[in-house]
Amino acid sequence: QVQLVESGGGLVQPGGSLGLSCTASGIIFGLYTMGWYRQTPGKQRELVATITSGGRTNYADSVKGRFTVSATNVRNTVYLQMNNLKPEDTAVYYCNLERGAIITWGQGTQVTVSS
């Protein structure tokens, strides 16, 4: 079974940048969507950005123009570059892999935007 391991995250000041990466434990074959979701206490997990195996990207309106999602050619790592971070971006960020009905989540990594 594929496992997702996230890295990156941490504390950054408003206006700063941060990068997240997520690596799957093996090569992902077939059609898939990988991406990032985030969650704050008391709220539902929400989509941040995703990328399909065909390279199509999708972003939440709140991060468009600031965040960039990308994936490696070997199809096992997805990145999230976050620029111009705002305090409201503070959350636990989760990596996500969807292959048909199979959904896999990473363990989550904390991103805190604060001065």
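The values are calculated or read from the model by the stated rules, or taken from the named source; none is laboratory data. This structure is a prediction, so every number in the text was calculated from the model and none was measured. All Cβ positions, even for glycine, are placed from backbone atoms using ideal geometry, and neighbour counts span all protein chains on display. In case anyone asks, the SASA skips ligands and DNA or RNA and just uses the protein heavy atoms, side chains included. Shrake-Rupley method; radii C 1.70, N 1.55, O 1.52, S 1.80 Å.
If you take the residues of segment 48-61 that are surrounded by 15 or more Cβ atoms within 10 Å (Cβ to Cβ) and among the small types (Gly, Ala, Ser), which of them is farthest from Thr33 (Cα to Cα)?
So the residue we want is Ala60.
Looking only at segment 34-47, filter to residues that are open to solvent by 20 Å² or more (accessible area, probe 1.4 Å) and assigned to a strand (DSSP E or B); which one of those is farthest from Ile103 (Cα to Cα)?
Gln39
How many residues are of a type in the set (A, V, I, L, M) and either touching an Asp or Glu at 6+ places or on another chain (Cβ under 9 Å) or surrounded by 17 or more Cβ atoms within 10 Å (Cβ to Cβ) (or both) if we restrict to segment 93-115?
Number satisfying all stated conditions: 3.
So which residues in segment 63-92 are of a type in the set (Ser, Thr, Tyr) and surrounded by 13 or more Cβ atoms within 10 Å (Cβ to Cβ)?
Result: Thr68, Ser70, Thr77, Tyr79, Thr90.
Suppose the filter is aliphatic (A, V, I, L, M), within 21 Å of Gln110 (Cβ to Cβ), out of contact with any helix residue (DSSP H, G or I) (no Cβ under 9 Å at 6 or more places or on another chain) and not in a strand (DSSP E or B); does Leu85 pass it?
Here the answer is yes, as Leu85 does meet what is asked.
Output the residues belonging to segment 7-28 that are part of a loop (DSSP other than H, G, I, E, B), modelled with pLDDT under 95 and open to solvent by 30 Å² or more (accessible area, probe 1.4 Å).
Listed by number, the residues that qualify are Ser25, Ile27.
Scan segment 48-62 and tell me whether some residue there is part of a strand (DSSP E or B) and within 16 Å of Leu18 (Cβ to Cβ).
yes
Of the residues Leu4, Leu31, which is open to solvent by 20 Å² or more (accessible area, probe 1.4 Å) and in contact (Cβ under 8 Å) with a residue 24 or more places away in the chain?
Selected residue: Leu31, the only one of Leu4, Leu31 that is open to solvent by 20 Å² or more (accessible area, probe 1.4 Å) and in contact (Cβ under 8 Å) with a residue 24 or more places away in the chain.
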